[in-house]
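To start, the structure itself, in structure tokens.
The values are calculated or read from the model by the stated rules, or taken from the named source; none is laboratory data. From a predicted model like this one, the values you see are computed outputs, not experimental measurements. Don't worry about glycine lacking a Cβ; one is built from the backbone with ideal geometry, like all the others, and counts go over all protein chains shown. Accessible surface areas use protein heavy atoms only, side chains included; no ligands, DNA or RNA. Shrake-Rupley method; radii C 1.70, N 1.55, O 1.52, S 1.80 Å.
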Amino acid sequence: MRSSLLTKIILVFIFSSFGARIVAQSSHVLWYKQPADYFEESLVLGNGKTGATVFGGVNSDKIYLNDITLWSGEPVNANMNPEAYKNIPAIREALKNENYKLADQLNKKLQGKFSESFAPLGTMNIVHFFKDKEAEYSDYYRELDIANAISKVNYVIDGVHFTREYFISAPDKIMVVKLTSSEKGGLNFDINFESLLKYHATSQENLMQIEGYAPVHSAPSYVKEENPIVFDENKGIRFSSLIQVKNTDGTVSKMGSNLSVKNATEAIIFVSIATSFNGFDKNPATEGLNAKAIAKENLTKAMAKPYEVLKKSHIADYQKFYNRVSLDLGKTTAPNLPTDERLLRYAEGKEDKNLEILYFQYGRYLLISSSKTLGVPANLQGIWNPYMRPPWSSNYTTNINVEENYWLAENTNLSELHQPLLHFIKNISETGKITAKTFYGVNGWTAAHNSDIWAMSNPVGNFGGGDTNWACWNMAGAWLSTHIWEHYLFSQDKDFLKKEGYEILRGAAQFCLEWLVEDKNGNLITSPSTSPENKFITPDGYVGATLYGGTADLAMIRECFLNTIAASKVLNTDTEFRTKLENALTKLYPYQIGKEGNLQEWYFDWKDEDPKHRHQSHLFGLFPGNHITVLKTPELAEASKKTLEIKGDETTGWSKGWRINLWARLWDGNRAYKMYRELLRYVDPDGKKTEKPRRGGGTYPNLFDAHPPFQIDGNFGGAAAVAEMLVQSNENEIRLLPALPDAWESGNVKGICARGGFEISMEWSAKRLKTLTVFSKKGGKTTLISGDKKQSVTLQKGRKLKIVW
């Protein structure tokens, strides 16, 4: 009797503690009162290489496993269409003759293969057995604490309190799951593994070993092929997954290829994953890493450490990134609710400032969790994909998506996590040199609409099968190169610029310079040209995609040239090439303002097939570019605003994230905030049937972006936009609270970064800046601006200045 009473007291204390903690941590805890039934309800973990999707089931806990380097395919043959460039004169002739239909047809000859696909490693199932098979669970609680990157599950069955704790350690390269029972010997469970890939599983004592390999070919889900998935036991990336159990009591035994744990009070599951991927240009089957040996070494080292040591090391490593930025948006009256219920309440227009903070910090959490592998940046789904043929191959879509993934890297103080993309850009600049020559007949380097882990740079479409409006775009080199310069502006890492960055910038600029041709008035334009995924309507009614002098092309070229010129000046080098770029800039076909006051997307003032099209690539100069601004180019800024008004706010995912940033750059904080709220609109999980379904774009119960389906770029774009609303900068100025919405009238932020190598912390009240701290990472000067007040500051490296505004 006393034992039963004591158990109840303990349980009341435990759940009271959880409740108190939830209230205190509502800006960084996702929590739920039930297990996940759908992928879009699950909670995700990652260490930048290994990814896990945790469902938290009671009878059976399903955990999807991923490795960011596990893709289909092998090194790309960049020279796949060696004479494609010979079609360019005919395309230009068709355009000169205003035969846009023929130009579209001929442009399809400038196509190559599709990208390969990010693959799902497999699923680990933890199947539980309870004394009373009919007993129901109660007091269920599931959380993800993004301040510690730890997920937990708690529930009670027949008076016994069960807990699980999950994390993936970056320093120890291991996933750990700790299970406990409040009753001695109360843990009884089996562990099994299944995969859509080719694999073989064996077990011995307390260790399960899985060896397998990915397909050598995986066609995009939208492409019909007789054999869309092709396996070859002698080709493709190999993987090894080791699962081992460490327990304090009870027994662990093998059951076929599975593991069985009986009568344990505590058990710790270790998951070690490795692949043979050894670089974009190495054959993973013949030149690959020894996946099994790597997985075994990591497992052995981790198993030798106490659980608390592993956990402490994991938290310390994670928090050195996460804790750099904090945000407080003032008092909130929102009640303490599970995250899915919070989203539903918020969608009704109610206030929840901590949910807005949670979404911002969740974006940072996702980048920390998915971007630590050099040359392998976060993909369309970050690092979490359960599908054999995932949406859009879960690849690198380079006409916006992979770039948007990294908009928050520099300004939210995660500069090191930009490195996977920067190394990827270096890789793709190598294959891109061959693409520039063989597809376009010029020097330098470029890339097109899609890429993959193999740094594929060719235009896609399967050699003529892709629509020209998306398959034939060739400006990814110009766009990607801007990340090189942005990294320099924020980090002031001159050594990086000199040793690696400048050559990449120069190569992208060289491609653009040689690709430009003169129009009939002597202006420099691109020909052929497309505007990502949009189509025009000619005066005679033809709906097409291939034209010349597209505004998006020229905007990206302007930004690329400006960046390369600035870089050459910083390094005091390459003056002859710099002069060529400066001369070309003066001859570029200028921006045009259409009859509706909008920024023209096409060379001519033609209508769009879809005036509300989700892409807004011709606004690149406003954001993410920096050469259209409210003060320096007011007419172009106003035309950009008119374009956004015509497009409207009804868009989703990455497009919504982009538009929020664009409105922030126009200093319209309330419009940006309106769309930020819309980004957080609750959406039912894919496949879930409800009486009143909530579909379309917004946010799934686990805070994943609903494009739909899930794409992580919306999360990243939305998080980046919050920082953009609070701080904007260039090489010489830092503008504070430029797009502060009325809803955020009071608050404070710490650790937001600005160009020039500065870090900003500030407090505001009644929408006015009150106090400010400026920290200089490398030393330098800047001008601080808020409202109508300016102050110039000069700081030495490592020094900070506190200012009462």
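Checking each residue in segment 381-397 for being buried (at least 24 other Cβ atoms within 10 Å of the Cβ) and in a loop (DSSP other than H, G, I, E, B) picks out GLN381, ILE383, TRP384, ASN385, ASN395. Picking from residues in segment 629-656 that are of a type in the set (A, V, I, L, M) and open to solvent by less than 10 Å² (accessible area, probe 1.4 Å), the one that is farthest from the chain's Cα centre (by Cα) is ALA639. The set of residues in segment 606-632 being among the hydroxyl-bearing types (Ser, Thr, Tyr) and either touching a Gly at 6+ places or on another chain (Cβ under 8 Å) or closer than 16 Å to ASP553 by Cβ (or both) consists of SER617 alone. Under 6 Å between Cβ atoms, which residue pairs at least 6 apart in sequence (or on different chains) link something in segment 449-477 that is surrounded by fewer than 24 Cβ atoms within 10 Å (Cβ to Cβ) with a partner that is among the charged types (D, E, K, R) and not in a loop (DSSP other than H, G, I, E, B)? Cβ pairs passing all conditions: THR468/ASP104. Just one of the listed residues (THR435, THR398, THR412) is within 27 Å of GLU41 (Cβ to Cβ) and either at pLDDT 95 or above or of a type in the set (S, T, N, Q) (or both), and it is THR412. When PRO377 is tested against (1) surrounded by fewer than 24 Cβ atoms within 10 Å (Cβ to Cβ); (2) free of Cβ contacts under 8 Å to residues at least 60 places away in the same chain; (3) more than 22 Å from PRO708 (Cβ to Cβ), only condition (1) is not met. The single condition among (1) at pLDDT 95 or above; (2) under 22 Å from LEU337 (Cα atoms) that TRP654 does not meet is (2).
Find the residue count for segment 651-662, including only residues that are more than 9 Å from PHE623 (Cβ to Cβ) and of a type outside the set (Gly, Ala, Ser).
Let us first name the residues in segment 651-662 that are more than 9 Å from PHE623 (Cβ to Cβ), namely 651-657, 659-660.
Filter once more, so that each one left must be of a type outside the set (Gly, Ala, Ser): 651-652, 654, 656, 659-660.
Of the residues in that region, 6 qualify.
Residue pairs whose Cβ atoms lie under 9 Å apart, sitting 6 or more positions apart in sequence or on different chains, and linking a residue in segment 294-307 that is within 16 Å of ILE268 (Cα to Cα) to a partner that is surrounded by fewer than 17 Cβ atoms within 10 Å (Cβ to Cβ) and of a type in the set (S, T, N, Q), are LYS305/SER313. What about SER182, is it crowded, with 18+ Cβ neighbours inside 10 Å and modelled with pLDDT of 95 or more? Criteria not met by SER182. Each residue in segment 3-55 was checked for being basic (Lys, Arg) and at pLDDT 50 or above, and 2 pass. Look at segment 586-613: where a residue is outside any loop (DSSP other than H, G, I, E, B) and a partner is hydroxyl-bearing (Ser, Thr, Tyr), sitting 6+ places away or on another chain with Cβ atoms under 6 Å, you get LEU599/SER640; LEU599/THR643. Of the helices (runs of 4 or more DSSP H) that lie entirely inside segment 405-507, those containing 2 or more residues that are of a type in the set (A, V, I, L, M) and over 30 Å from GLY236 (Cβ atoms) span 407-411, 476-491. Of the strands (runs of 3 or more DSSP E) lying entirely inside segment 237-346, those containing at least 1 residues that are in contact with a Lys or Arg (Cβ under 8 Å, 6 or more places away or on another chain) and exposed (fewer than 15 other Cβ atoms within 10 Å of the Cβ) are 251-255. Any residue in segment 591-605 that is open to solvent by 40 Å² or more (accessible area, probe 1.4 Å), within 23 Å of TYR502 (Cα to Cα) and in contact with an Asp or Glu (Cβ under 9 Å, 6 or more places away or on another chain)? Taking every residue of segment 591-605 in turn, none turns out to be open to solvent by 40 Å² or more (accessible area, probe 1.4 Å), within 23 Å of TYR502 (Cα to Cα) and in contact with an Asp or Glu (Cβ under 9 Å, 6 or more places away or on another chain). ALA135: out of contact with any Ser or Thr (no Cβ under 6 Å at 6 or more places or on another chain), free of Cβ contacts under 8 Å to residues at least 60 places away in the same chain and open to solvent by 10 Å² or more (accessible area, probe 1.4 Å), yes or no? Considered against the rule, which asks whether it is out of contact with any Ser or Thr (no Cβ under 6 Å at 6 or more places or on another chain), free of Cβ contacts under 8 Å to residues at least 60 places away in the same chain and open to solvent by 10 Å² or more (accessible area, probe 1.4 Å), ALA135 comes out as yes. Exactly one residue out of THR412, THR431, THR446 is β-branched (Val, Ile, Thr), over 21 Å from the mean Cα position of the chain (by Cα) and open to solvent by less than 10 Å² (accessible area, probe 1.4 Å), and it is THR446. Residues being assigned to a loop (DSSP other than H, G, I, E, B) and either in contact with a strand residue (DSSP E or B) (Cβ under 8 Å, 6 or more places away or on another chain) or surrounded by fewer than 19 Cβ atoms within 10 Å (Cβ to Cβ) (or both): count how many of those fall in segment 669-698. Residues meeting the conditions: 15. Beta carbons closer than 8 Å, at least 6 apart along the sequence or on distinct chains, pair a first residue in segment 37-48 that is over 16 Å from LEU121 (Cα atoms) with a second that is of a type in the set (D, E, K, R) and in a strand (DSSP E or B) for LEU43/ARG142; LEU43/GLU143.
This table checks each residue for (1) in contact (Cβ under 8 Å) with a residue 40 or more places away in the chain; (2) open to solvent by 40 Å² or more (accessible area, probe 1.4 Å); (3) part of a strand (DSSP E or B).
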site	(1), (2), (3)
LEU102	no, yes, no
LYS113	yes, yes, no
GLU116	yes, no, no
ALA147	yes, no, no
SER151	yes, no, yes
TYR155	yes, no, yes
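Kindly indicate which of PRO741, PRO701 is open to solvent by less than 60 Å² (accessible area, probe 1.4 Å) and either farther than 30 Å from THR53 by Cβ or among the aliphatic types (A, V, I, L, M) (or both).
PRO741
Of all residues in segment 206-230, those being out of contact with any helix residue (DSSP H, G or I) (no Cβ under 9 Å at 6 or more places or on another chain) and either under 24 Å from PRO709 (Cα atoms) or buried (at least 17 other Cβ atoms within 10 Å of the Cβ) (or both) number 14.
In the set LYS224, LYS184, only one residue is under 30 Å from GLU116 (Cα atoms), part of a loop (DSSP other than H, G, I, E, B) and not polar (S, T, N, Q); that residue is LYS224.
Filtering segment 347-375 to residues that are among the basic types (Lys, Arg) and assigned to a helix (DSSP H, G or I) leaves LYS353, ARG364. Taken over segment 746-785, the criterion of being part of a loop (DSSP other than H, G, I, E, B) and either hydroxyl-bearing (Ser, Thr, Tyr) or touching a residue at least 40 places away in the same chain (Cβ under 8 Å) (or both) is satisfied by SER746, ARG755, GLY756, GLY757, LYS777, LYS778.
Quick one: count up the residues across segment 527-538 that are among the β-branched types (Val, Ile, Thr) and either assigned to a loop (DSSP other than H, G, I, E, B) or under 30 Å from the mean Cα position of the chain (by Cα) (or both). Adding up the residues that qualify gives 2.
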